[in-house]
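Student: Could you have a look at this structure, given as structure tokens, before my questions?
Taken together, the values in this text are just the output of simple stated rules run on the coordinates, not laboratory data. These numbers come from a predicted model, not from an experiment. As a convention, Cβ positions derive from the backbone with ideal geometry for all residues, glycine included, and neighbour counts pool all protein chains shown.
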Protein chains: 4
Amino acid sequence: MIIAIKRGASSEEVKEFSANLEKKGVKIHLSEGAIQTIIGLVGDTTGIDAEALQAHHLVEKVIRVQEPYKRANRLFHPEDSRLDIALEAGGVQSIGGGKLGIIAGPCSVETREQIVEVAVAVKKAGAGFLRGGVFKPRTSPYSFQGLGFEGLDLLLEAKKASGLPIVTELMAIHQLELFDPVDIIQIGARNMQNFTLLKELGHCRKPILLKRGYACTVTELLMAAEYIMAGGNDRIILCERGIRTYDTYTRNTLDLAAIPFLKKQSHLPVIVDPSHGTGFSWMVPAMAKAAIAAGADGLIIEVHNNPEKALCDGEQSITPAAFAELMEVLRKYAAIEGKTI
Amino acid sequence: MIIAIKRGASSEEVKEFSANLEKKGVKIHLSEGAIQTIIGLVGDTTGIDAEALQAHHLVEKVIRVQEPYKRANRLFHPEDSRLDIALEAGGVQSIGGGKLGIIAGPCSVETREQIVEVAVAVKKAGAGFLRGGVFKPRTSPYSFQGLGFEGLDLLLEAKKASGLPIVTELMAIHQLELFDPVDIIQIGARNMQNFTLLKELGHCRKPILLKRGYACTVTELLMAAEYIMAGGNDRIILCERGIRTYDTYTRNTLDLAAIPFLKKQSHLPVIVDPSHGTGFSWMVPAMAKAAIAAGADGLIIEVHNNPEKALCDGEQSITPAAFAELMEVLRKYAAIEGKTI
Amino acid sequence: MIIAIKRGASSEEVKEFSANLEKKGVKIHLSEGAIQTIIGLVGDTTGIDAEALQAHHLVEKVIRVQEPYKRANRLFHPEDSRLDIALEAGGVQSIGGGKLGIIAGPCSVETREQIVEVAVAVKKAGAGFLRGGVFKPRTSPYSFQGLGFEGLDLLLEAKKASGLPIVTELMAIHQLELFDPVDIIQIGARNMQNFTLLKELGHCRKPILLKRGYACTVTELLMAAEYIMAGGNDRIILCERGIRTYDTYTRNTLDLAAIPFLKKQSHLPVIVDPSHGTGFSWMVPAMAKAAIAAGADGLIIEVHNNPEKALCDGEQSITPAAFAELMEVLRKYAAIEGKTI
Amino acid sequence: MIIAIKRGASSEEVKEFSANLEKKGVKIHLSEGAIQTIIGLVGDTTGIDAEALQAHHLVEKVIRVQEPYKRANRLFHPEDSRLDIALEAGGVQSIGGGKLGIIAGPCSVETREQIVEVAVAVKKAGAGFLRGGVFKPRTSPYSFQGLGFEGLDLLLEAKKASGLPIVTELMAIHQLELFDPVDIIQIGARNMQNFTLLKELGHCRKPILLKRGYACTVTELLMAAEYIMAGGNDRIILCERGIRTYDTYTRNTLDLAAIPFLKKQSHLPVIVDPSHGTGFSWMVPAMAKAAIAAGADGLIIEVHNNPEKALCDGEQSITPAAFAELMEVLRKYAAIEGKTI
């Protein structure tokens, strides 16, 4: 961290200010120039509050050189993290480290027939995981809110029928106790900065699929992961799912540059949600391919056996047939990138 | 709600589709033209999921005419809502309906001396409410997270010393049981779409200060209020506190047009946070005045007795002296608008 | 400007790099620390290209301390600039330095009757300037593009009839020769970064009303002014007219914090366009008042004698009667701020 | 176009309003319901100003069903447009219709050695076109503004030496007369809505590379193309180059979903600029691959023989060696998509 001091500050003031900083456990490198005085902070500055410093009357500017995240930082963990999920039938299903994780399934679990049919179909097409929402964050209190724990039972039946590990969204910490048979807990975009929830997730040992908030920076996404990791849980998958911008021709603006950025800054696996990222089923294949080409470690795709009758997000769901076709092409892309599905 | 049907749809298909819609409790007005067929939905359409409809193969476009909120809608509640808080010393302190509510205090409760000193000072200057955070949503897990319930005790001492009703942020539902002596519960921007929390707040009878999410639309803010109101709690204050845009010279972009819009669409009181809305103490007076001029029902302003040593948000906090000076000017603005502080 | 050097750079490399920087006319203050080496650049750094420096393999980060604008900078011109327009009938009409400039008139000049009627009406209500577009930047080539020079003749008739100086938009440099009788040349949001045009405007001596691009930062606005001023023309009025954000309930998001920011950073007058800034006539009074309360030096407001039949932007135009009523209130706000209309 | 009429409007008013609309050359389909009256406009509505209609007191909402562009619309031109550039040595170089156009070269032409060396190198690696700026739109008047026509001479030498057709940016219409030997005229993001310039370009017969404005919608990009096409010039390439959003970890947010959208709505070729789209050379390969995977018809990539000494945009320029390596991979991606470079 570098602090540029305002002109006119006295040498005594600067020394007192520096001494106070040193008490926070960092080393100070003071450079008093004729015109510009600069203080360099060396050591672990993640605990130094740059915003608070900025309020000090001596301070002109505060510049972070070091990233504010540690456990999520590739600097301290150079190899890719790979998430392994043990399968009930034996073996593991992995995401990261050269293995593409493809998560597929409907936005919401609706009926036993629906979820089992979709599960079996996506498994056949090569998906590695089944998704299905049972608690749904909806903008309107009058919209379908998901089947709740009843839906979770149906999802477990589909897990059994297909052999696929399951991914579903948790919306509140009290739901956690019944999430034991869930293989990967999804934290949705609207809860990415629910810090109380993140802290609690740090204490569990479940893999977390952490979706980027729709108006959060990539650094904030890494800080959300850091909240969980600081609690001791480092089994995290990051997910780019589109951000909110001025253009509304897509539901969100899928920010694929986040993939190379997150992969460079962090060792955590990064996947992409082209369904929410665009909002239109016809765009899903193009953006799924683009995500793999940009280096993603996997995808989460909405697949519904009857999109027109879906209770939620039908417009962005593809059919099992379209999914199977897409998987064929994705295997070719994966091969170029030296990865396997 | 108006549904434009795709060209080429057969009359039978359209009739079947219309019949299905009618089962959802709305009346159908079908207009089959030579070139464009249109279905009008009449009645309460708040329960109809426009997004789901959009996925149907017959549908070209879905257009909402009716607003998706009911209880927050001024249409069904033409008079301004006024929130009255009973004072321990007797009498009430109000927000809305011609009465400006000025909430002032530090970002975080830090020490007994700090919070009591600020409370007494802002009360003397004319503030109607004391704010002070004890649970702080911070981007980094390594930043100061607030004093927790210990801070709440200090805040209650300041309430006693100053006679001001208190406002503080709730971050998780389990904190609610200890919030009994809190007069107004603040829901922060990052929790505006924490729907599980909103539902629970609908079951309590505490006034809620609901801050707009930093990337939420004004309609989403009203829908968040609707979540709480649908549960039976209509004691809500809406708060504009700045949104995230491409320009970063201010911490957020304060969207003051939200005031006339929210006042037109809803009967709920609307206040403004010029501290978070700009991030700089020197901008707070200009934007506080602008908010009142634009029709706000009140303000929430960060005041700290020593901004340079604040543990949080010092850069945007004004001193008690600056606050007192601002209040003098605000009274003149209020008078023009026919309001009192 | 401060340059943080990457770790591992050799002392020789840094010295050679510093020597090259010195050749660009700045003084170098080199601070080699055990862990972090920093180079401070002192002097006029406006000609140093921070982006180009960032590409150098030795550079970790480049931080501007000095603002990149000089002539627009209040640092070098502490007093407010006031723009005086000589009136044909004698006397001057001013904007800035305690004098509010109110510019009113239709989006487009349509007919002699329309523009003369509006001109006389807004003059009577107290406007200081008449606006009216003759060249219109329209998103569609099939929309009304303005009356062109024929419209300019009508505008001049209205100038004569009302005695008001006129403001109209210039879209291309070849139009300049016929703009001699125009008192203030407006440069629209879409041309704010038409650098070729800005350079040419630097060579004329007409006052320029420079509107902020709808996705430009406030610093970019000041740099656009700097382009004109670098050519020798310092008669500039800055205009905030709303920016593009994710929320579309208003046509643009009016960024009123730009007023205190621009007034602090620059000596140039700053006005606000609440008509384009909101897109709705019913919001114009609230935002006009807010702009004055936030410290604006004036307003540009669309007034049309028959908004429903306006060929352009009728939805955001107020009637002459509404304008007169607004002016009454604005005088009260101006008085509080110690300004006159 | 569909117009929802406000409740309470009298039948006579609606009929008069309809009759006036009919005079604009469209057919009216009036549907008067008990509760909601709707007017459908049938025929060519591109000349109807939806914004102006919205101001009418009878109008509740105006909804466009038809797209506002005609000549750029795939509806009226179902096959892909392919742009063929005749080579001086004979033969053609194409973009679109299964042929990927790869444009490479430095941000700015700097010296004869630089531009010739880069030209020969990118040609060898398989580029189809050479780019190089001679007029540079720079935010600061004090930054390097390009070599001007002197630079154009150097670019022409590089064209001769390499045999590559050249692409360079035009900033003002008076430059056009000297652009005769230029093969493709680039219109930069800041001029995408310089409507006067677009109209003039409609009268020339040069191919136009039209870059999306950094805060323009995809529909506005198509309308800018429509401006040129309305003048008779349909040799246009659309270019996605990143948009401005709240996250600044990249220079711009590359919106790759624009590719499938533009390809669906329009017959024009669509290319991508991963250099400006990210601002970092190390991200260019990932995003170049993603663009091809998403269906782009080509790329424009900044290549510099010495990025660290580049006078402009060095940080985002890749070396000729990196470019050659990237081309190898791109050929594999092109093959999957059934395209050739």
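Student: So what's segment D:66-148 giving for Rg/Rh, alpha carbon basis, Kirkwood Rh from the mean inverse pair distance?
Tutor: Using only Cα positions, Rg/Rh for segment D:66-148 is 1.11.
Student: Could you pull out every residue, at least 5 positions away or on a different chain, whose amide H is within less than 5 Å of the one on D:Ile301? Hs are placed 1.01 Å off N in the peptide plane, and Pro or chain starts have none.
Tutor: Counting only residues 5 or more places away or on other chains, the set is D:Ile103, D:Ala104, D:Gly105.
Student: Determine how many Å³ per residue the convex hull of the Cα atoms of segment D:17-134 encloses.
Tutor: That works out to 203 Å³ per residue.
Student: Each label point is 7 Å from the Cα along the Cα-to-Cβ direction; what then is the distance between the points at B:His174 and D:Glu32, in nm?
Tutor: Reported label-point gap for B:His174 and D:Glu32 is 6.4 nm.
Student: While we're on this one: Only Lys, Arg, Asp and Glu count, each charged at its Cβ (+1, +1, -1, -1), so figure out the dipole size of the protein assembly as shown about its Cα centre, rounded to 20 debye.
Tutor: About 0 debye.
Student: Moving on. Round to the nearest 10 and give me the degree value, 0 to 90, for the angle of helix B:112-125's Cα axis relative to the longest principal axis of chain B.
Tutor: So the helix axis and the longest Cα principal axis differ by about 80 degrees.
Student: Still on this structure: Can you give the local net charge around A:Gly146? Use residues other than it whose beta-carbon is closer than 11 angstrom to its beta-carbon, Lys and Arg +1, Asp and Glu -1.
Tutor: Once positives and negatives cancel, what remains is -1.
Student: Residues with beta-carbon under 14 Å from that of A:Ile336, excluding A:Ile336: net charge, scoring Lys, Arg +1 and Asp, Glu -1?
Tutor: Computed value for this residue: +3.
Student: Same structure, new question: Using only Cα atoms, tell me the angle between helix B:149-162 and the longest principal axis of chain B; keep it within 0 to 90° and round to the nearest 10.
Tutor: 70 degrees
Student: Still on this structure, please answer the following. Just from its helices, what would the mean residue ellipticity at 222 nm be for chain A, if runs of 4 or more DSSP H residues each count -39500 (n - 2.57) and the sum is divided by every residue, rounded to the nearest 500 deg cm²/dmol?
Tutor: Computed ellipticity for chain A at 222 nm equals -9500 deg cm²/dmol.
Student: For C:Lys15, give me every one of the lysines with a C-alpha distance below 20 angstrom, ignoring sequence neighbours fewer than eight places off in its own chain.
Tutor: Candidates past the 8-residue exclusion: C:Lys6, C:Lys23, C:Lys24, C:Lys27, C:Lys61, D:Lys309.
Student: Anyone know which of B:Ile300, B:Ile184, B:Ile173 comes out most mobile in the 10 Å Cα GNM of chain B?
Tutor: Among B:Ile300, B:Ile184, B:Ile173, the largest GNM mean-square fluctuation belongs to B:Ile173.
Student: To continue, here is another question. Would you mind checking the radius of gyration and Dmax of segment A:134-279 based on alpha-carbon positions, in Å?
Tutor: Over segment A:134-279's Cα set, Rg and Dmax evaluate to 15.3, 43 Å.
Student: OK, next. Please list 3J(HN,Hα) in residue order for segment A:142-147, calculated via the Karplus relation 6.51 cos²θ - 1.76 cosθ + 1.60 where θ = phi - 60°; whole Hz, with x for glycine and proline.
Tutor: Values, residue by residue: 9, 8, 3, 9, x, 7 Hz.
Student: In segment A:86-108, whose amide N lies under 14 Å from the spot 7 Å out along Cα-to-Cβ of A:Arg205? List them in ranges.
Tutor: A:86
Student: How large is ³J(HN,Hα), in whole Hz, for each residue of segment D:59-75 in order, when computed from phi with the Karplus curve 6.51 cos²θ - 1.76 cosθ + 1.60 and θ = phi - 60°, using x for Gly and Pro?
Tutor: Those phi angles translate into 8, 8, 8, 10, 10, 7, 9, 6, 6, x, 10, 10, 5, 7, 7, 5, 3 Hz.
Student: List the residues, sorted by chain then number, that are 5 or more residues from D:Leu209 or on another chain and whose placed amide H is less than 5 Å from its amide H.
Tutor: Under 5 Å from the amide H of D:Leu209: D:Ile185, D:Gln186, D:Ile187, D:Ile237.
Student: Under the rule a/c < 1.5 gives rounded, and otherwise a/b versus b/c splits prolate from oblate, where does segment D:283-341 land using the Cα gyration tensor?
Tutor: prolate
Student: Mind checking A:44-55 for the average number of partner chain beta-carbons within 10 Å of each residue's beta-carbon?
Tutor: 6
Student: Also: Restricting to chain A, what percent of DSSP beta bridges are antiparallel, rounded to 5?
Tutor: So the antiparallel bridges in chain A amount to around 45 percent.
Student: Can you check how the C-alpha radius of gyration of the protein assembly as shown compares to 2.2 N^0.38 Å, as a plain ratio?
Tutor: Here the answer is 0.90, to two decimals.
Student: What are the residues whose amide H is under 5 Å from the amide H of A:Glu60, where those residues sit 5 or more places off or on another chain and H is modelled from the backbone?
Tutor: It is A:Ala4, A:Ile5, A:Lys6, by chain and number.
Student: Can you tell me the FRET efficiency between A:Lys332 and A:Lys160 if r is taken as the Cβ-Cβ distance and R0 is 35 Å, rounded to the nearest 0.05?
Tutor: Efficiency computed from Cβ-Cβ geometry: 0.60.
Student: If you don't mind, another one. Considering the options D:Asn306, D:Leu156, D:Ala293, tell which one lies farthest towards the positive end of the dipole of chain D, charges being +1 on Lys and Arg and -1 on Asp and Glu at the Cβ, about the Cα centre.
Tutor: Selected residue: D:Ala293.
Student: Mean-square fluctuation check for chain C, GNM, Cα pairs under 10 Å: which of C:Ile185, C:Ile28, C:Ile237 is largest?
Tutor: Residue with maximal mean-square fluctuation among C:Ile185, C:Ile28, C:Ile237: C:Ile28.
Student: Sticking with the crude label model, points 7 Å out along Cα→Cβ, report the distance from D:Asp84 to A:Ala86 in nm, one decimal please.
Tutor: 6.5 nm
Student: Among C:Val109, C:Phe195, C:Val270, flag the residue with its Cα farthest along the positive direction of the charge dipole of segment C:74-336, charges on Cβ as +1 for Lys/Arg and -1 for Asp/Glu.
Tutor: C:Val270
Student: Binning every alpha carbon pair distance of segment B:227-330 at 10 Å from zero, what are the percents per bin?
Tutor: That works out to 15, 42, 31, 12, 0, in percent per bin.
Student: Two decimals is fine: what is log10 I(q)/I(0) at q = 0.09, 0.10, 0.14 Å⁻¹ for chain D, from a Debye sum with one equal scatterer on every Cα and no solvent?
Tutor: So the normalised log intensities work out to -0.53, -0.63, -1.05.
Student: Roughly how tilted is helix C:11-22, in degrees to the nearest 10 and between 0 and 90, from the longest Cα axis of chain C?
Tutor: Taking Cα atoms only, the helix is inclined about 40 degrees.
Student: Related question: Straight distance only, please: which aspartates and glutamates reach the Cα of B:Lys199 with their own Cα at less than 19 Å, same-chain residues fewer than 8 apart left out?
Tutor: A:Glu169, B:Glu169, B:Glu177, B:Asp180, B:Glu220, B:Glu226, B:Asp234
Student: Right, something else. Return the sequence-ordered ³J(HN,Hα) values of segment D:259-269 in whole Hz as given by the Karplus equation 6.51 cos²θ - 1.76 cosθ + 1.60 applied to θ = phi - 60°, using x for Gly and Pro.
Tutor: Taking θ as phi minus 60°, the curve returns 4, x, 5, 5, 5, 6, 7, 9, 8, 6, x Hz for segment D:259-269.
Student: Within the set B:Lys159/B:Lys332; D:Lys159/D:Lys211; B:Lys99/B:Lys332; B:Lys124/B:Lys206; C:Lys70/C:Lys263; A:Lys264/D:Lys289, which residue pairs have Cα atoms separated by over 19 Å?
Tutor: With Cα atoms farther than 19 Å apart: B:Lys159/B:Lys332; D:Lys159/D:Lys211; B:Lys124/B:Lys206.
Student: Moving on to the next point. Take every residue in peptide C:98-110, count the Cβ atoms of other chains within 10 Å of its Cβ, and give the average of those counts.
Tutor: 0
Student: On to the next question. Per the Kirkwood treatment, what hydrodynamic radius in Å, one decimal, follows for segment A:2-63 from the mean inverse distance over all distinct Cα pairs?
Tutor: Kirkwood radius, segment A:2-63: 11.6 Å.
Student: Give, rounded to the nearest 20 debye, the magnitude of the charge dipole that chain B has about its Cα centre when Lys and Arg contribute +1 at Cβ and Asp and Glu contribute -1 at Cβ.
Tutor: 460 debye
Student: Please give the net charge around D:Ala215, taking every other residue with its beta carbon less than 13 angstrom from that of D:Ala215, where Lys and Arg add +1 and Asp and Glu add -1.
Tutor: Summing Lys and Arg as +1 and Asp and Glu as -1 gives +3.
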